[in-house]
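**Student:** Okay, handing you the structure first.
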Amino acid sequence: MSLSWALSIKKPFMLVLYFSMACILCGIGFTVWPDTLAAVFHFNNLDAVARTDIQSYYGTMLIALGVVLAAACKTETGGRVALMVIAGFAVGSAVGRIIGFIQGAPVMSIHGVLVVIESLLFYQAVTVLQRQKQRDQEHKREVLPILNPKTPEEFRPLSQSNFTEPFEYYRMLRDHYPVYKMPGKDFYCISRFEDIQAVSKDTAAFSSKLMEILVRGRSRNPDKKGKTLAERLGELGVVPVDVLALQDPPIHKEERKVGHSGFNAHFVKSLEKEVEDLCDEMMDEFLPKGNVEFVQDFAWRLPMRLIIRLLGLPEDDFEQIKYWCMQGIRSLSGTASRVELIEIGVSSAQFTRYLWKHYLEAKKNPPANFTGTLIKNSADPDSIINDQRAIAIILQLLIAGSDSSASSMGSAVRVLAREPELEKALRAEPDKIPLFIEEVFRTESAFQGHFRVTTREVEMHGVTIPSGAQVFLMWASGNRDERFWDNPEVFDMNRRHVKKHLTFGFGVHACIGRELARMEIRIVLKKLLEKTSQFAIVGDSPYEASIFARTLLKLPLAFEVADKKDLAPQSDMDSEALFGKEANNEKEAEYVSI
């Protein structure tokens, strides 16, 4: 076979090449030095028959197997067959050794090592096969939506085109299918503003506890007593437990008090100087270049660097933490394959282990930050917070806080870049930046919705939703519901009730980080308008393929740096001064976030 082919064109099948080479080398060893290698496997004092068996079965057979597998990889189909042979060989050999252990063979031997290697070999072979299957599905020609679709299915809800512009699809659901079960998916979509509010308020019938679904892929059997698998694993610290946005009253109320103590309005206000300094530092890095990939190089980095600081984690770990957060969001996308979900599960375990490591280190000398607040509460016998809940809260803040701020920040700049007149208006009246941000929240919801689980049978609009079913509350659809909003498709930052959007959700699960997100985005837009005279999008700005999050993946910008002598002083008016003090209180802002 061609080595250049193996090393370049068919990289997914490199496992076959390595396994073939190992088989050939081991086969040669058993053929030439049967007594020596047999001793390694505790086969001593070989007679002539045993020696012949080893030379033929362990020797020439392995050589032949290696050659055949390598030859099979001359075609992609042959490569896949070779991977199946490797998987069968590995699992069969490993099972045989395990049977030997049960019968008294020593585990701490070469056979114990080989069981581990063969198990990993089996896992890797199956993983590559699954990836190839997924690639085949992705390479199939996408079935495009049709002109003037008459049913939700004709929009192709899980197509990239629908993820990019889902709003007509949402309109059809609101008008004709207010409770809609997507074909092939085990959840019901709730799309109208008032219905979303009603479900959010009914925490008895619609539970927010989702960890069982994330761990097992299905909701808890309501008739089953005792602790679930997710609850048992959560107690052991293997997976996060249900907290805050994934918890129900009355426990949720007690958790929220602790969360709010670390992210109240006074604390957020105290961070403004730090955010301004960080924003200046990061913008000064890209301004001389005249262009920037805004989402990856700025919008993701600023809020995540800030939350990492607030939690006392190493800033140098940004890239790894970001990857783990993206994987967490991907788990709820509705488009992840089984292989991807397995990989996401592995990433989640790694992330949880990482957080435990730093949390336990911080417990030795609790810091004066939010992690320290959680540690203090975990040591209080009267507090609902324990170590497991503290870890889950930290995880949730990192995943939800970083993505919502980053995506909304990117979407805000994208809207300005696509609407020069709007950009010009904000440059002339920067005091309206907070109003602009709220309308961005409404029209470009970072989280398109949130899941609930029914605790009993529920009927809505003539549709019976069974107990234990998943329900998807479509924040983004409610934000454009004509039954509540006047001209919802029009971007109007001067509209009435501009803050009553559902982007942070609705109900008792008020997002403890919403004011932090508002403050970050306000400062970033103010600084960007100050430091540039104009900017434009100079490439594609795609969104993640997800029903759950409207995550902007890229936003390539080119800009002209403002002449400092022409800069007009910008107002420092905050959202409270613009909306009025009452608009920021807890009672009016009944928002929720994952």
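**Student:** Considering only protein heavy atoms, with the full assembly of protein chains and a 1.4 angstrom probe, order THR464, THR151 by accessible area, largest first. Mind showing how you got there, number by number?
**Tutor:** Details: THR464 70, THR151 40 Å².
Listed by decreasing accessible area, they come as THR464, THR151.
**Student:** List the aspartates and glutamates whose Cα lies under 19 Å from the Cα of LYS364, skipping any in the same chain that are fewer than 8 positions away.
**Tutor:** The qualifying aspartates and glutamates are ASP380, ASP387.
**Student:** Carbon and sulfur: what percent of the chain's accessible surface (1.4 Å probe)?
**Tutor:** Details: 16250 of 28510 Å².
Accessible surface attributable to carbon and sulfur in the chain totals 57 percent.
**Student:** Modelling each spin label as a point 7 Å along the Cα-to-Cβ direction, I'd like the VAL346/LEU114 distance in nm, to one decimal.
**Tutor:** Roughly 2.5 nm, to one decimal.
**Student:** Still on this structure: Hey, can you rank 423-435, 406-418 by average C-beta count inside 10 Å, highest first?
**Tutor:** Top to bottom by mean Cβ count within 10 Å: 406-418, 423-435.
**Student:** Let me ask something else. Taking 29 Å as the cut-off for C-alpha to C-alpha distance, list the pairs among LYS225/LYS322; LYS209/LYS527; LYS227/LYS322; LYS322/LYS376 that go past it.
**Tutor:** Result: LYS225/LYS322; LYS209/LYS527; LYS227/LYS322 exceed 29 Å.
**Student:** Further question on the same structure: Round to the nearest 10 and give me the degree value, 0 to 90, for the angle of helix 433-443's Cα axis relative to the longest principal axis of the chain.
**Tutor:** With rounding to tens, the tilt is 50 degrees.
**Student:** Further, regarding this structure: Mind listing the long-range amide H neighbours of VAL239? Cut-off is under 5 Å, sequence gap 5 or more, other chains count too, H placed in the peptide plane at 1.01 Å from N.
**Tutor:** GLY234
**Student:** Just the number, please: Stokes-Einstein D of the chain in µm²/s, Kirkwood Rh from C-alpha pairs, 37 °C, 0.692 mPa s.
**Tutor:** Calculated translational D: 120 µm²/s.
**Student:** Quick one: angle between helix 301-311 and the longest Cα principal axis of the chain, in degrees between 0 and 90, rounded to 10, please.
**Tutor:** Result, in degrees: 80.
**Student:** A follow-up question, please. Ranking request for peptides 160-173, 352-365: highest mean number of other beta-carbon atoms within 10 Å first, then the rest in descending order.
**Tutor:** 160-173, 352-365
**Student:** Oh, and also: Classify region 253-334: rounded, prolate or oblate, from the alpha-carbon gyration tensor (a ≥ b ≥ c, eigenvalue square roots; a/c under 1.5 rounded; otherwise prolate if a/b is larger than b/c)?
**Tutor:** Judged from the Cα gyration tensor, region 253-334 comes out oblate (a/c at least 1.5, b/c at or above a/b).
**Student:** Over 23 Å between C-alpha atoms is what I'm after, so list which of LYS269/LYS424; LYS273/LYS357; LYS289/LYS531; LYS150/LYS499 land there.
**Tutor:** On the way: LYS269/LYS424 28 Å; LYS273/LYS357 31 Å; LYS289/LYS531 13 Å; LYS150/LYS499 33 Å.
Cα-Cα > 23 Å for LYS269/LYS424; LYS273/LYS357; LYS150/LYS499; rest within.
**Student:** What do you get for the angle between helix 514-531 and the principal long axis of the chain? Use alpha-carbon atoms, 0 to 90 degrees, nearest ten.
**Tutor:** Helix 514-531 sits roughly 80 degrees off the main axis of the chain.
**Student:** Then there is this: From the C-alpha coordinates alone, can you work out the Kirkwood hydrodynamic radius of region 33-184, in Å? Before the final figure, lay out the partial values.
**Tutor:** Details: mean 1/r = 0.0487 Å⁻¹.
Its Kirkwood hydrodynamic radius stands at 20.5 Å.
The values are calculated or read from the model by the stated rules, or taken from the named source; none is laboratory data. Source: prediction; values computed, not measured. Every residue, glycine among them, receives a Cβ derived from its backbone with ideal geometry; neighbour counts consider all protein chains shown. Only protein heavy atoms, including side chains, enter the accessible area calculation; ligands, DNA and RNA are left aside. Shrake-Rupley method; radii C 1.70, N 1.55, O 1.52, S 1.80 Å.
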